[in-house]
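**Q** Quick one: the structure is below, and I'll ask about it shortly.
Read-outs: derived from the displayed coordinates by stated rules, not from any lab. Note that the coordinates shown come from a computational prediction; the quantities given were computed from them, not determined experimentally. When we count neighbours, we look across all protein chains shown, and the Cβ atoms used for this are built from the backbone with ideal geometry, even at glycine.
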Amino acid sequence: MKGILLLFLSGALSCVASIWLKIAAQKEILSLENPGALRKYAFAIAAYGLGFAAYAIALKSIRLNIAYPLMVGFATLFVYIWTALVGHESLSLHGIAGAVFVVTGIFLMSNK
């Protein structure tokens, strides 16, 4: 159970990092003369690093062929939900169907 929680955390941190990269890329140019942009990029890098650490610890108790799809699936769903609710990106029937398939696939892969 601890491993699954760590994978969930890893996926969530990957999502947070992707969101910060998107925000920084839309609003600011990466430059040494722009500390606001540097902070956003540094926050994204830190989130990726913490997510990597959580994933590495989870691998101690979960098989790789289960851990990686779960972590990526969590991250994919988090990003999709965020973009739909907060990111003002449109939802499509294909996108919703894809999210359902991701959830179904995660369920099927994680059950023995």
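**Q** Apply the Debye scattering formula to segment 2-110, with a single equal point scatterer on each alpha-carbon and no solvent, then give log10 I(q)/I(0) at q = 0.11, 0.21, 0.23 Å⁻¹.
**A** Here the Debye-derived log intensity ratios amount to -0.41, -1.07, -1.15.
**Q** Here's something else I'd like to know. Report the calculated FRET efficiency for Ile96 and Asn65 (r = Cβ-Cβ distance, R0 = 30 Å), to the nearest 0.05. Display every interim value, and only then the final one.
**A** Details: r = 27 Å, r/R0 = 0.91.
Working from the Cβ atoms, E equals 0.65.
**Q** Just from its helices, what would the mean residue ellipticity at 222 nm be for the chain, if runs of 4 or more DSSP H residues each count -39500 (n - 2.57) and the sum is divided by every residue, rounded to the nearest 500 deg cm²/dmol?
**A** Working: 4 runs with 90 residues, N = 112.
Only helices count here, giving -28000 deg cm²/dmol.
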